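Chemist: Please read through the structure below; I'll follow up with questions.
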Amino acid sequence: MNLGLKGKKAIVCASSKGLGRAVAEALAAEGVDLVLNARRSAPLEETARELHKAYGVRVTPVADDITTEAGRDKVFAVCPDPDILINNAGGPPPGDFRGWTEKDWQAALTANMLTPIDMIRRTFDGMVERRFGRIINITSSAVKSPIKALGLSNGARAGLTGFVAGIARDGVAHNVTLNNVLPGLFATDRMTTLIETISARENSSEREVIAGLTHSFPAGRLGKPEEFGALCAFFCSTLAAYITGQNILIDGGDYPGTF
Ligand code: NAP
């Protein structure tokens with residue numbers, strides 16, 4: 001299948017590792033030039049070097065916090081006219097809603113709702129003028145099936161989802177699509193840290209922790225980041241011009257509903 005992406009330019013936010021990196025790698029494999037972003041410079045530079053070496057595409061790292069206006073300015077200074085925008089950032093911490101202050105809510109809303117909305121605001125009209133654009137927001141399966149301890153994430157991501165639903169039809173006649181991809185549990189560094197924490201707390205092996213987390217999953221395992229990357233690359237492709245405003249779940253069948 002030819003995804004038709006060779007020579008396109010993508011901004012991939014929060015992409016030195018994890019799901020963001022997996023999407024960047026899938027796009028690089030299709031010949032897409034990349035602007036990568038993360039807060040810490042060293043791991044970001046290393047990822048940029050690795051992807052350039054493996055796929056020969058141009059890779060520009062921009063080290064800054066994407067949830068700040070200054071960070072976003074820096075990203076757009078090196079790539080004002082992306083063909084593809086992948087919105088991503090760290091997720092809010094778990095907890096109990098009784099303990100969350102307005103400051104906690106503001107941080108979650110800034111990272112997981114207002115930042116992607118600002119990124120869309122800065123790219124959408126240019127994509128329409130150039131008659132090509134693909135915007136993907138990495139959200140969470142918790143949008144479809146909220147998780148009690150992740151209330152900050154449930155709330156902020158639901159806000160983004162509502163916003164996207166309202167504008168996603170505006171660009172499709174001009175070959176600009178806007179979709180959300182909802183990961184279930186994937187074996188990224190974030191998950192590895194969680195598994196190590198549970199393993200230390202419960203004095204059990206990491207293997208046992210993973211088995212405990214996944215035993216009720218229809219797929220019986222965590223998702224692989226490259227599976228996530230491949231799905232996003234397809235939604236960025238020229239073949240996916242007729243798909244917009246969708247919330248695409250990738251969770252190994254964990255969500256049991258029809259819709
Ligand atoms: P990860 O493995 O921890 O990777 C996070 C990446 O984002 C790193 O490159 C990190 O680099 C960067 N980053 C974090 N905050 C940033 C910021 N403010 N500005 C710029 N870069 C930032 O995490 P992941 O598992 O890929 O998760 C990515 C997103 O998907 C999160 O929002 C998470 O909640 C969501 N999600 C993940 C899963 C899963 O199973 N993995 C499931 C559902 C939802 P620096 O730390 O250097 O900035």
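Okay, residues lined up against (1) small (G, A, S); (2) assigned to a helix (DSSP H, G or I):
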residue	(1), (2)
N179	no, no
A200	yes, yes
F234	no, yes
G253	yes, no
P256	no, no
F259	no, no
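Chemist: Can you tell me which residue among G126, G91 is out of contact with any strand residue (DSSP E or B) (no Cβ under 7 Å at 6 or more places or on another chain) and under 25 Å from F186 (Cα atoms)?
Modeler: Details: G126 fails: under 25 Å from F186 (Cα atoms).
None of the others qualify; the one that does is G91.
Condition check ((1) under 24 Å from L152 (Cα atoms); (2) assigned to a helix (DSSP H, G or I); (3) of a type in the set (D, E)) across all residues:
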{"residue": "G20", "(1), (2), (3)": "yes, yes, no"}
{"residue": "A26", "(1), (2), (3)": "no, yes, no"}
{"residue": "P43", "(1), (2), (3)": "no, yes, no"}
{"residue": "D73", "(1), (2), (3)": "no, yes, yes"}
{"residue": "G90", "(1), (2), (3)": "yes, no, no"}
{"residue": "L109", "(1), (2), (3)": "yes, yes, no"}
{"residue": "N112", "(1), (2), (3)": "yes, yes, no"}
{"residue": "M119", "(1), (2), (3)": "yes, yes, no"}
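Chemist: Out of the stretch 118-147, which residues are basic (K, R) and either touching a residue at least 60 places away in the same chain (Cβ under 8 Å) or surrounded by fewer than 16 Cβ atoms within 10 Å (Cβ to Cβ) (or both)? Break it down stepwise before answering.
Modeler: Quick first cut of the stretch 118-147, residues basic (K, R) only: 121-122, 130-131, 134, 144.
Of everything in the stretch 118-147, those that are basic (K, R) and either touching a residue at least 60 places away in the same chain (Cβ under 8 Å) or surrounded by fewer than 16 Cβ atoms within 10 Å (Cβ to Cβ) (or both) turn out to be R121, R130, R131, R134, K144.
Chemist: To continue, here is another question. Look through L152, L109 and report the one residue that is within 13 Å of the ligand (Cβ to nearest atom), hydrophobic (A, V, I, L, M, F, W, C) and either crowded, with 21+ Cβ neighbours inside 10 Å or at pLDDT 95 or above (or both).
Modeler: Selected residue: L152, the only one of L152, L109 that is within 13 Å of the ligand (Cβ to nearest atom), hydrophobic (A, V, I, L, M, F, W, C) and either crowded, with 21+ Cβ neighbours inside 10 Å or at pLDDT 95 or above (or both).
Conditions (1) in contact (Cβ under 8 Å) with a residue 24 or more places away in the chain; (2) out of contact with any strand residue (DSSP E or B) (no Cβ under 7 Å at 6 or more places or on another chain), marked per residue:
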| site | (1), (2) |
| --- | --- |
| G151 | yes, yes |
| V164 | yes, no |
| L182 | yes, no |
| L194 | no, yes |
| S199 | no, yes |
| R221 | yes, yes |
| A233 | yes, yes |
| I243 | yes, no |
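Chemist: Please state which of the following conditions P146 fails to meet, knowing it meets all the rest: (1) over 23 Å from P256 (Cα atoms); (2) more than 10 Å from the ligand (Cβ to nearest atom); (3) outside any helix (DSSP H, G or I).
Modeler: Failing condition for P146: (1).
Chemist: Can P92 be described as more than 11 Å from the ligand (Cβ to nearest atom) and in contact (Cβ under 8 Å) with a residue 60 or more places away in the chain? Steps first, answer last, please.
Modeler: Numbers: more than 11 Å from the ligand (Cβ to nearest atom): no; in contact (Cβ under 8 Å) with a residue 60 or more places away in the chain: yes.
Taking the combined requirement at face value, the residue does not satisfy it.
Chemist: Could I ask something else about it? Residues of the stretch 121-143 being part of a helix (DSSP H, G or I) and either more than 10 Å from the ligand (Cβ to nearest atom) or in contact with a His (Cβ under 7 Å, 6 or more places away or on another chain) (or both), which ones? Don't jump to the end; show me each part of the working.
Modeler: Here is the first cut: in the stretch 121-143, the ones part of a helix (DSSP H, G or I) are 121-130, 141-143.
Within the stretch 121-143, R121, R122, T123, F124, D125, G126, M127, V128, E129, R130 qualify.
Chemist: Return the residue satisfying two criteria in turn: it lies in the stretch 18-59 and is within 12 Å of the ligand (Cβ to nearest atom) and surrounded by fewer than 20 Cβ atoms within 10 Å (Cβ to Cβ), and of such residues it is farthest from A70 (Cα to Cα).
Modeler: The residue in question is E46.
Chemist: Have a look at F186, F217, F163 and point out the one that is at pLDDT 90 or above, within 11 Å of the ligand (Cβ to nearest atom) and of a type in the set (F, W, Y). Show your work before the answer.
Modeler: On the way: F217 fails: within 11 Å of the ligand (Cβ to nearest atom); F163 fails: within 11 Å of the ligand (Cβ to nearest atom).
Just one listed residue meets the conditions, F186.
The values are calculated or read from the model by the stated rules, or taken from the named source; none is laboratory data. If you're wondering where the values come from, they're calculated on a predicted model, not measured in any experiment. Positions of Cβ are backbone-derived with ideal geometry, glycine not excepted, and every protein chain shown enters the neighbour counts.
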